[in-house]
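Read-outs throughout are calculated quantities, based only on the coordinates presented, and are distinct from any laboratory measurement. Please read these numbers as outputs of a predicted model, since none were measured by experiment. All Cβ positions, glycine included, derive from the backbone under ideal geometry; neighbour counts span all protein chains shown.
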Amino acid sequence: MHGRDPYFRQRARQGDPTRRPARSRRDDELRAAIQRVWDDNQHVYGPRKVWKQLRCEGHRVARCTVERLMRDMGLKGATRGRAWVVTTRADAAADRAADLVDRRFDCHRERQRQAFQSQRHQVVESAMS
């Protein structure tokens, strides 16, 4: 029974690193290689270029694996410009424009809101037929 219990399996892996899954062991090797390539290139390379460099060095690894490991390690490549441009900044002290449409979002009674929704639903149904 102890062989199938995840707790005991995890304890055995902690005591003997060779019992860890092959993917975990391979990920540890790749993490070191990814970190080295990323550092050697002034933290500029993104997953695609790191993957290409690893392939040039003889590592057989999928690009999605490099992407996953870089994401887990918090490594990002350089990006050009910004992802978005802030065009306006609201002044908290400025006066707000008046509501010219005179919208009212309050509902004094629950029944009143339900009646409005029911009437609106009937109008939409009659317009569709």
Percent of all Cα-Cα pairs per 10 Å bin for segment 58-107, counting from 0 up to the last occupied bin, reads 15, 20, 19, 15, 17, 11, 4
The local net charge around Arg48, scoring Lys/Arg +1 and Asp/Glu -1 for residues other than Arg48 whose Cβ lies under 13 Å from its Cβ, equals +4
Using the Kirkwood radius over Cα pairs of segment 6-73, the Stokes-Einstein translational diffusion coefficient at 4 °C and 1.567 mPa s, in µm²/s and rounded to a whole number, is 100 µm²/s
One finds, for Ala90 and His59 with R0 = 41 angstrom and r their Cβ-Cβ distance, a FRET efficiency to the nearest 0.05 of 0.25
